[in-house]
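The next block holds one structure in the form of structure tokens; read it before the comments.
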Amino acid sequence: MSQIVPKKIAENIYEIPKSTRNYMKVPARIFANEKIMRAMEQKMLTQATHVAWLPGIIKHALVLPDGHMGYGFPIGGVAATDYDTGVISPGGVGYDINCGVRLVRTNLQRKDVTPHAQKLSEDLFRNVPSGVGSKAKMHLSRSELHELLAEGASYCVKKGLGWEEDIENCEENGALKNADIETLSDRAISRGMPQAGSLGSGNHFLEIQYVDKIYDEKLAKAMGVVQKDQVMVMIHTGSRGLGHQVCSDYLRIVERAMPKYNLHPPDRELACVPTLSDDGQAYFNAMACGANFAWGNRQMILHWVRETFERQFKQSAEDLDMGLIYDVAHNIAKKEEHTIDGKKRTVITHRKGATRAFPAGHKDIPKAYQSIGQPVILPGSMGTASYILIGQPNSMDITFGSTAHGAGRVLSRKAALRQFWGTTVRDELKGKGIFVKSANPKIIAEEAPGVYKDIDAVAEVSDKVGIGKRAVRLKPIAVVKG
């Protein structure tokens, strides 16, 4: 099959025409600068054309500047399908359902924290269970887990693990309402029970950061970011074994169900079923359980982060102003209303390694951000910057209210292990004043800064295209990996 060469149609926007493959129902659009575009794999571009096959897909299959190859969909992929006539695809969400990020501010300064950075990283590593197979400090009963899956982050706040305002500053207020535990397997439940409140491994992390640059003081101030060197804490984790099992279960169910709906995707990884079918609704409701588990998971971790800072600095979290700026979800499918060609339509928006980026005035963002737009948290990799972007009106027109979710990999984990040595990476970062604590040096090698795209370039593309405006740049002080 011939090589795919996307055509540049505007600054930082490329397109794969519908005529490129006979199965494509819409073009595929890629948001990237020339350097990022050159780094995108042919396999990922092919995946983008596969996504353009989806029944009911609207306008375009999208790849954001952090795009790279995933399962079924590119990671960094977005697709909206008509809710009534289209399909839902587990591959458009992925295994780590609602892998997401939350950002917590403090009133501490870099100079206050740097002398304690190593101890803080060790204390966080001890207080927040992490690593492969890590089990939480909380041991939920089956009935308690059911409550968590129904209520998400609010369950944790009800149990004293957080503040009411945390709920207000979560996407979807920290819970999808369509969660139905009856759609989960016993295996998914049993995997989730011991893992609520754990960081896990891989690219999940806790990171103590400082404000390196403020691009827009008005936007920053609205989030409680008031000066350079102000310290923040970023939490990145997802739905752990429960979400993985939901995806595994429903990939099998959906793949077996496709023939009865006469669905024959160009790649079996793109397995899908009509959204309104019994199979489609069962997956949608099970996925919501995974999403709610992830919001609860991050809420518990936030509580233990606050406790760790309280012990270190002998002040309450309230006195340290440890408020949640925002919590964003990646790897999720949402029922949303979008204006398409002047008409409002209800769609399922698949965001696979992508972040919602709604603009000012949108009904689904918190009151605190109605005047500026939704905060978008864009993590980098160990040793590199992270960003806070703000959702922009143009995102609704060209990306279904979405932007990138991070830097995006350029090396697989196997390739990273061939190129990097964990202890060497750790020592190099320590030489730059960044302390890294991990359960296994292998994880440090797999997540080395050189494994990822240039986060500054990813943020710049988002800003220039007008889907996520740069507001604040952050840099790391200490990192805790699983």
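Readers should treat all values here as calculations from the given coordinates under stated rules, not as data from a laboratory. For clarity, every value in this text was computed on a predicted model and none was experimentally measured. Neighbour counts run over all protein chains shown; Cβ positions are idealised from the backbone, glycine included.
What residue, of TYR71, TYR23, is out of contact with any strand residue (DSSP E or B) (no Cβ under 7 Å at 6 or more places or on another chain), part of a loop (DSSP other than H, G, I, E, B) and closer than 27 Å to LEU242 by Cα?
When all the criteria are applied, what remains is TYR71.
Which residues, taken from segment 407-433, are in a loop (DSSP other than H, G, I, E, B), out of contact with any Ser or Thr (no Cβ under 8 Å at 6 or more places or on another chain) and not charged (D, E, K, R)?
Matches in segment 407-433: GLY408, VAL410, LEU411, SER412, PHE420, TRP421.
So, of the residues in segment 459-482 that are assigned to a loop (DSSP other than H, G, I, E, B) and at negative phi, which turns out to be surrounded by the most Cβ atoms within 10 Å (Cβ to Cβ)?
This residue is ILE467.
State which residue is farthest from THR114 (Cα to Cα) when the search covers only segment 434-458 and only residues that are under 18 Å from the mean Cα position of the chain (by Cα) and part of a loop (DSSP other than H, G, I, E, B).
Among residues in segment 434-458 that are under 18 Å from the mean Cα position of the chain (by Cα) and part of a loop (DSSP other than H, G, I, E, B), the one farthest from THR114 (Cα to Cα) is LYS453.
Hey, GLU269 hits all of (1) more than 19 Å from GLY77 (Cβ to Cβ); (2) among the acidic types (Asp, Glu); (3) touching a residue at least 24 places away in the same chain (Cβ under 8 Å) but one; which does it fall short on?
All conditions pass for GLU269, except number (1).
If I filter segment 32-52 down to residues being of a type outside the set (Lys, Arg), touching a residue at least 60 places away in the same chain (Cβ under 8 Å) and under 12 Å from ALA457 (Cβ atoms), which single residue comes out as surrounded by the most Cβ atoms within 10 Å (Cβ to Cβ)?
Filtering segment 32-52 for residues that are of a type outside the set (Lys, Arg), touching a residue at least 60 places away in the same chain (Cβ under 8 Å) and under 12 Å from ALA457 (Cβ atoms), the one surrounded by the most Cβ atoms within 10 Å (Cβ to Cβ) comes out as ALA32.
If a residue counts only when it is under 15 Å from VAL101 (Cα atoms) and in contact with a helix residue (DSSP H, G or I) (Cβ under 6 Å, 6 or more places away or on another chain), which strands (runs of 3 or more DSSP E) contained entirely in segment 251-362 have at least 2 such residues?
The strands (runs of 3 or more DSSP E) meeting that bar are 324-329.
Taking the stated definitions as given, is PRO55 more than 30 Å from VAL211 (Cβ to Cβ) and touching a residue at least 60 places away in the same chain (Cβ under 8 Å)?
So PRO55 fits the description; yes.
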